[in-house]
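What follows is calculated from the coordinates using simple rules that are stated; it is not laboratory data. All values derive from a computational prediction rather than experimental measurement. So basically every Cβ, Gly included, is an ideal-geometry build from the backbone, and we count neighbours across all protein chains shown.
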Amino acid sequence: MLSPADRHSLAGAELQAWVNWAKTIIPAAEMATGLGELRYLLREVTNLDGLSLALGAWDETNQMHSSHGLAELTTLWQQRWQNRVPLSYLLGWVYWREFKLTVTPDVLIPRPETEYLIDLAERFNPDPDQGGIWVDLGTGSGAIAIGLGAVFPKATVYGVDVSPAALRVAAANIEQNDTQAPLKLLQGSWWQPLVGLEGQITGVVSNPPYIPQAEIANLQAEVQNHEPHLALSGGADGLGAVREIVAGAKRFMRPGGILLLEIMAGQGAAVKQLLESSPAFSETQIFTDLAGHDRYAYGLRRE
């Protein structure tokens, strides 16, 4: 995918030589992942298609175009493997559902598993007219809010985040990814900026920080050193943010409304107990991801 404003012409032989060098930078233990990232990078910055890149089959005599010069690509690739900077941050974007989202180190990189929260919201939506008020607590890049706006065109969607820098990224993504539903961003901690909407919220969907603080140091360098800890750390047991969300549900959600949370593998029983011990919910359920790990929590607001 080329940027039309910035094109560089490359000979096929030049690019092949660069690819050969780039492969030597990838750690041997991560070669399969690294080659996949290399193909992805070249697909994003050149006019080569995925099949050509997978096969390494491009005519070395042809001129091709790139949004980055070889010097830029070299610097980028060194940052990826020497400094362990996630490729999404280096490129400045990520694909999530049908959207292309801007990402910076001010926001968590949206993961594929989070996409399923939108599917669950569609499945359990209590509003047959696809309307109502939906809230993405801890919106970060705005991914969940944008996803909700796409599937519920008659709804009003709020994205809440305590970080002004994250909200700037979310605002850019809302502008770049048009949805029919109006999307509004609010700064503040969890429920605080939603005062005035008590008892009116149809659905709350959130990917809150859920990693125990002591485990942050054991995360991959890409996550530990580059993604915002504000979006990662859930306190001592990883459930601090979940407790805050559950605590405000009775006040802010309407009867029959739904709560959907992404959780950490292994937290299913603890989160289910939190939901069941709350007077807000009449039904609760834990759903697994494709790997079979507890990953999503559902709560139905008591009528």
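Given only helices, namely DSSP H runs of n ≥ 4 each adding -39500 (n - 2.57), what is the per-residue ellipticity at 222 nm of the chain, to the nearest 500 deg cm²/dmol?
Result for the chain: -11000 deg cm²/dmol, rounded to the nearest 500.
Just to confirm the number: angle between the C-alpha axis of helix 268-277 and the first principal axis of the chain, 0 to 90 degrees, nearest 10? On a 0 to 90 degree scale, this one is about 30.
Under a Gaussian network description of the chain, with springs only between Cα atoms under 10 Å, the residue in P182, P27, P105 that fluctuates furthest is P27. When the Cα positions of H293, N173, F124 are compared along the charge dipole of the stretch 96-301, F124 comes out farthest toward the positive end, with charges on each C-beta of Lys, Arg, Asp and Glu. Using C-alpha pairs below 8 Å separated by at least 6 residues, the relative contact order for the chain is 13 percent. Just the Cα atoms of the chain, one point each, no solvent: what log10 I(q)/I(0) does Debye give at q = 0.07, 0.10, 0.16 Å⁻¹? Relative scattering, expressed as log10 I(q)/I(0), comes to -0.32, -0.61, -1.24. Using only the Cα atoms of the stretch 194-255, build the gyration tensor, take square roots of its eigenvalues as a ≥ b ≥ c, and label the shape rounded, prolate or oblate: rounded if a/c is under 1.5, else prolate if a/b is larger than b/c, else oblate. Taking the square roots of the gyration eigenvalues as a ≥ b ≥ c, the stretch 194-255 is prolate.
Kindly flag which residue pairs out of K154/K272; K184/K272; K184/K250; K100/K250 have an alpha-carbon separation exceeding 24 Å in this structure. Let's see the in-between values first.
Numbers: K154/K272 31 Å; K184/K272 30 Å; K184/K250 22 Å; K100/K250 35 Å.
Pairs exceeding 24 Å: K154/K272; K184/K272; K100/K250.
Axis of helix 240-252 versus longest Cα principal axis of the chain: the two differ by about 50°, to the nearest ten degrees. Counting 0.36 nm for each residue step from S277 to H226 and taking away their Cα separation leaves a gain of 14.7 nm. Residue exposure proxy: D127, D161, D237, ordered by other Cβ atoms within 10 angstrom of their Cβ from fewest to most, comes out as D237, D127, D161.
Comparing Y89, L48, G138 along the charge dipole axis of the chain, the residue lying farthest to the positive side is G138, per the Cβ-charge model.
Treating only the Cβ of Lys, Arg, Asp and Glu as charged (+1, +1, -1, -1), what charge dipole size does the stretch 96-301 show about its Cα centre? Round to the nearest 20 debye.
On the way: 14 positive and 23 negative charges, 94 e Å.
Dipole about the Cα centre, nearest 20: 460 debye.
Viscosity 1.306 mPa s, temperature 10 °C: Stokes-Einstein D of the stretch 52-169 from its Kirkwood Cα radius, in µm² per second? Here the translational diffusion coefficient equals 94 µm²/s. Using only Cα atoms and rounding to the nearest 10 degrees, what angle (0 to 90) does helix 164-176 make with the longest principal axis of the chain? Between the helix axis and the principal axis of the chain, the angle is about 70 degrees.
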